[in-house]
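Heads up, the thing below is written out as structure tokens.
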Amino acid sequence: MEKAFYVYIFLLLLISIAGITRYKKLTRAFQLLVILMVSTLISETIKKIVGKIYHNSMPLAHIWAVIEFCFFSYIYYNLIENARLKKIILLLMPAMLVLEIINLAVFESLMQFPSAILNISQIVYVIYSLFLFSQMLLNPSELSLFKQSLFWFNLNILFYGTTMFLNYALTSYFIQNKLDLGIMVGFSFAVNYIFYIVIGISIFINNKQVRAVDFNYG
Amino acid sequence: MVKSPSTDELYVVLFSATAFFVFLVGFIVYFIVLYQKRQIKNKLERDALEANFRQEFLKSRLEIQEETFAYVSRELHDNINQVLSFVKLNMAMISTADAGQQTKINENRDLIAQVITDLRDLSKSLSFEHITKQGLVKTIENEVKKLNKSGLINAELIVSGESIPLGEQRELVLFRIFQEAVNNTIKHSGAAQLKISLYYIPEMFNLTLEDDGDGFSVNSLDHSKGSGLTNIENRATAIGASAEINSSPGAGCHVKVTLNLLQQIPYINGTHPDRVS
């Protein structure tokens with residue numbers, strides 16, 4: 001398991017380096033994505049250290065869950081053009097903070113895994129991605145879909161959001177039935193690897209200069 | 001007490017997970033197909049808009065050109081010709097000249113008379129009103145007569161079928177095409193013979209100009225430089241006709257403009273929105 005974690009950290013490191021190198025060439029949303037990747041790398045490293053020292057890094061996971069949600073929301077805020085949706089996205093950020101406080105007070109303590117917040121986040125990400133897909137359909141770019149960083153990023157979010165939701169559901173089933181969780185942990189790592197590799201690809205192909213040709217997206 | 005899962009339960013879990021991934025993949029494939037369809041539709045719409053813009057631009061150019069021709073024609077007729085007539089009259093009134101000078105004056109008066117006639121012809125060929133009043137066949141006939149009279153080339157006109165009016169604007173553009181083609185022949189071909197044919201077939205009209213000049217390689221023409229042949233093609237496009245130019249070195253040049261009359265009825269009636277005003 002340790003090995004899988006270090007592979008994950010190494011992947012994050014590579015994406016962060018690639019992102020920082022290409023930072024100036026990226027669109028605003030993808031610049032934010034790079035900042036999120038660097039922050040994720042730092043957060044995961046700190047969580048690992050804290051976990052080793054205090055044997056529980058869940059307080060950090062609670063804080064990070066809200067920060068990550070805000071980051072993704074702000075990325076979508078930059079990508080979505082509909083003014084009403086933009087307002088809703090802005091409102092969802094403080095709403096998630098309030099939800100986390102309620103969650104801490106009523107459902108999951110600071111020492112427990114923040115599954116409720118993460119599940120809600122995944123659902124919201126899926127909704128974001130569906131809205132963005134519909135926006136893409138309304139304003140199709142001339143550029144091939146497979147060369148669009150936005151397509152890969154959004155597809156990735158849809159895949160990650162739905163798959164992680166399935167992962168949580170199956171994990172819960174496995175725990176209830178006292179089945180071996182190894183498969184689910186492996187599945188979770190695999191989904192994370194795919195997620196970060198595709199994020200890396202989207203950062204790599206994103207280019208704000210393409211906007212001159214492309215109507216809406218980089 | 002924890003209940004261990006039955007095989008059926010595991011199958012349900014497995015089936016649900018598979019169904020989930022199939023649905024996800026299905027959605028992605030559907031999105032890709034739909035997006036590509038939209039891309040194609042958008043591209044077609046954009047192409048149509050561009051073509052429409054090009055057509056409008058071409059028509060505007062032709063209209064501006066026609067206005068300029070009309071202005072020049074009026075100036076030639078109303079101003080320059082009048083002045084020249086006045087000069088000719090003044091010269092006739094000179095009575096103090098001796099015999100030698102009188103001969104010179106008479107020669108100059110003849111030359112001025114010739115210039116007045118030439119300018120009047122030029123004014124007529126530029127005038128929109130004159131061309132529309134006379135009709136295409138009659139105007140071309142006059143031009144052919146002038147060409148033969150000038151001795152620059154031996155021109156022959158053949159009119160087949162019963163001539164029908166093609167609409168003022170169409171006939172004007174066709175006449176400009178004719179002028180452009182004749183100009184090219186005289187300037188560049190070195191031809192001795194020019195055959196002009198007007199074919200009126202029930203559903204089709206053809207204007208053909210054939211010369212026996214030096215010819216040229218059609219592929220070697222630089223269309224971007226706005227040659228006379230490009231002008232012919234552009235004018236034909238503006239009235240919904242097609243121009244075909246065939247030539248090869250030593251084999252003369254053949255220009256054929258085809259109008260599909262069935263497609264042109266709205267143009268002729270003047271009800272088509274794209275008609276040249």
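Flag not set for A:I123, criterion: away from every other protein chain (no Cβ under 12 Å), part of a helix (DSSP H, G or I) and closer than 15 Å to A:I201 by Cα. Of the residues that sit in segment A:136-159 and are more than 11 Å from chain B (Cβ to nearest Cβ) and open to solvent by 20 Å² or more (accessible area, probe 1.4 Å), which one is nearest to A:N82 (Cα to Cα)? Restricting to residues being more than 11 Å from chain B (Cβ to nearest Cβ) and open to solvent by 20 Å² or more (accessible area, probe 1.4 Å), the top hit is A:W152.
Check B:N52, B:N42 and return the single one that is out of contact with any Leu (no Cβ under 7 Å at 6 or more places or on another chain), more than 10 Å from chain A (Cβ to nearest Cβ) and either part of a helix (DSSP H, G or I) or surrounded by 12 or more Cβ atoms within 10 Å (Cβ to Cβ) (or both).
Just a single option satisfies the conditions, and that option is B:N52.
Once segment B:134-158 is narrowed to residues that are touching a Ser or Thr at 6+ places or on another chain (Cβ under 9 Å) and among the β-branched types (V, I, T), the residue that is surrounded by the most Cβ atoms within 10 Å (Cβ to Cβ) is B:T139.
Those helices (runs of 4 or more DSSP H) of segment B:125-244 in which 3 or more residues are touching a Gly at 6+ places or on another chain (Cβ under 7 Å), modelled with pLDDT of 85 or more and not basic (K, R) occupy B:168-184. Annotation note: Cβ proximity below 7 Å between a residue of segment A:92-119 that is closer than 25 Å to A:T163 by Cβ and a residue that is among the aromatic types (F, W, Y) and part of a helix (DSSP H, G or I) (sequence gap 6+ or interchain) occurs for A:M96/A:F69; A:S115/A:Y168; A:A116/A:F107; A:N119/A:F165; A:N119/A:Y168. Pairs linking a residue in segment B:196-208 that is open to solvent by 10 Å² or more (accessible area, probe 1.4 Å) to a residue that is aromatic (F, W, Y), with Cβ atoms under 6 Å and 6 or more positions apart or on different chains, are B:N206/B:Y199.
The set of residues in segment B:128-158 being closer than 19 Å to B:R170 by Cβ and either touching a residue at least 60 places away in the same chain (Cβ under 8 Å) or of a type in the set (K, R) (or both) consists of B:F128, B:K133, B:L136, B:V137, B:K138. For B:T68, indicate whether it is among the polar types (S, T, N, Q), surrounded by 10 or more Cβ atoms within 10 Å (Cβ to Cβ), within 30 Å of B:T230 (Cβ to Cβ) and modelled with pLDDT of 85 or more. Yes.
Can you find, within segment A:163-191, the residue that is farthest from the other protein chains (Cβ to nearest Cβ) among those that are under 24 Å from B:G26 (Cβ atoms) and in contact with a Phe, Trp or Tyr (Cβ under 7 Å, 6 or more places away or on another chain)? Top of the filtered list is A:V191. Restricting attention to segment A:79-92, the residues that are under 26 Å from A:Y196 (Cα atoms) and crowded, with 16+ Cβ neighbours inside 10 Å add up to 4.
Residues in segment A:98-118 that are open to solvent by 40 Å² or more (accessible area, probe 1.4 Å) and either acidic (D, E) or in a helix (DSSP H, G or I) (or both): A:V98, A:L99, A:I101, A:I102, A:L104, A:A105, A:V106, A:F107.
If you go through segment A:173-182 one residue at a time, do you hit one that is open to solvent by 50 Å² or more (accessible area, probe 1.4 Å) and on the phi > 0 side of the Ramachandran plot? Yes, some residue in segment A:173-182 is open to solvent by 50 Å² or more (accessible area, probe 1.4 Å) and on the phi > 0 side of the Ramachandran plot. Within segment B:4-15, the set of residues being surrounded by fewer than 14 Cβ atoms within 10 Å (Cβ to Cβ) and in a helix (DSSP H, G or I) comprises B:T7, B:D8, B:E9, B:L10, B:Y11, B:V12, B:L14, B:F15. Here B:S125 meets the list (1) open to solvent by less than 80 Å² (accessible area, probe 1.4 Å); (2) over 23 Å from B:R176 (Cβ atoms); (3) of a type in the set (G, A, S) almost entirely, failing just condition (2). If you check A:I157, A:I183 for being modelled with pLDDT of 90 or more and hydrophobic (A, V, I, L, M, F, W, C), only one passes: A:I157. Pairs linking a residue in segment B:237-250 that is among the acidic types (D, E) to a residue that is open to solvent by 50 Å² or more (accessible area, probe 1.4 Å), with Cβ atoms under 6 Å and 6 or more positions apart or on different chains, are B:E244/B:K256.
The values are calculated or read from the model by the stated rules, or taken from the named source; none is laboratory data. Note that the structure is a prediction, hence the values are computed from the model and not measured. In this analysis, Cβ positions are derived from the backbone assuming ideal geometry, glycine residues included, and neighbour counts consider all displayed protein chains. Areas reflect the complete protein model, heavy atoms only, side chains present, ligands, DNA and RNA absent. Shrake-Rupley method; radii C 1.70, N 1.55, O 1.52, S 1.80 Å.
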